[in-house]
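**Student:** First, the structure itself, so that you have it in front of you.
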Amino acid sequence: MIVHDAIFTDRGSKYAVSGGACASADEAKAFIKQLCRKKKFAKATHNTWGLILPDGTPLKNDDGEAGAGMVILRMLEREELVGEIVVVTRWFGGVHLGGDRFRRVQDAVRYYLDARG
């Protein structure tokens, strides 16, 4: 598991991005469970994620951040990244971001992809 914590803030909301190898829906659930063992991540407002399974099946979870899982999936598809889950975590800062929330999700995924090389 790779965790990039506190990568940026926007109007009080704080973001982190995590990821790692993942080959099934059960592994995705286990990954999120392991991430949320850290109290900080368990208390996050949203832990949205996307994953393309080795057989090509896309999986996502918005965790209350409607549409964010699809944003992650689209980026993984463009990068042809299969078998690796990417989780964008947000701690709500009190100001609604509107459409900018999707830009922040994209920024977080791009940070993860750039960091992995």
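**Student:** State yes or no: is residue 13 touching a Pro at 6+ places or on another chain (Cβ under 9 Å) and over 18 Å from residue 115 (Cβ atoms)? Full working, then the answer.
**Tutor:** Numbers: touching a Pro at 6+ places or on another chain (Cβ under 9 Å): no; over 18 Å from residue 115 (Cβ atoms): yes.
Spelling it out, it is not the case that residue 13 is touching a Pro at 6+ places or on another chain (Cβ under 9 Å) and over 18 Å from residue 115 (Cβ atoms).
**Student:** Can you tell me which residue within the range 48-68, out of those that are closer than 23 Å to residue 114 by Cα and of a type in the set (S, T, N, Q), is least open to solvent (accessible area, probe 1.4 Å)?
**Tutor:** First pass over the range 48-68, keeping only residues closer than 23 Å to residue 114 by Cα: 48-54, 56, 58-62, 67-68.
Those still in the list that are of a type in the set (S, T, N, Q) too: 48, 61.
Numbers: 48: 3, 61: 65 Å².
Looking at residues that are closer than 23 Å to residue 114 by Cα and of a type in the set (S, T, N, Q), I get 48.
**Student:** Let me ask something else. Determine which single condition residue 115 fails, assuming it passes every other condition in (1) in contact (Cβ under 8 Å) with a residue 40 or more places away in the chain; (2) closer than 12 Å to residue 17 by Cα; (3) within 12 Å of the chain's Cα centre (by Cα).
**Tutor:** For residue 115, the failing item is (3).
**Student:** While we're looking at this one, here's another question. In the range 69-99, how many residues are within 16 Å of residue 45 (Cβ to Cβ), surrounded by fewer than 19 Cβ atoms within 10 Å (Cβ to Cβ) and of a type in the set (A, V, I, L, M, F, W, C)?
**Tutor:** The total comes to 4.
Conditions tested, residue by residue: (1) under 19 Å from residue 1 (Cα atoms); (2) out of contact with any helix residue (DSSP H, G or I) (no Cβ under 7 Å at 6 or more places or on another chain); (3) free of Cβ contacts under 8 Å to residues at least 60 places away in the same chain.
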site: 19; (1), (2), (3): yes, no, no
site: 22; (1), (2), (3): yes, no, no
site: 31; (1), (2), (3): yes, yes, yes
site: 50; (1), (2), (3): yes, no, yes
site: 56; (1), (2), (3): no, yes, yes
site: 63; (1), (2), (3): no, yes, yes
site: 86; (1), (2), (3): yes, no, no
site: 91; (1), (2), (3): no, yes, no
site: 98; (1), (2), (3): no, yes, yes
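**Student:** Turning to a different aspect of this structure: For the range 100-112, which positions are open to solvent by less than 10 Å² (accessible area, probe 1.4 Å) and either free of Cβ contacts under 8 Å to residues at least 24 places away in the same chain or of a type in the set (Ser, Thr, Tyr) (or both)?
**Tutor:** Going residue by residue through the range 100-112, those that are open to solvent by less than 10 Å² (accessible area, probe 1.4 Å) are 105, 108-109, 112.
Listed by number, the list holds a single entry, 112.
The values are calculated or read from the model by the stated rules, or taken from the named source; none is laboratory data. Bear in mind the structure is a predicted one, so any value in this text is a computation, not a measurement. Ideal geometry is used to build each Cβ from the backbone, glycine not excepted, and the neighbour counts take in all protein chains shown. Note: accessible area is taken over every heavy atom of the protein model, side chains too, but ligands, DNA and RNA are not part of it. Shrake-Rupley method; radii C 1.70, N 1.55, O 1.52, S 1.80 Å.
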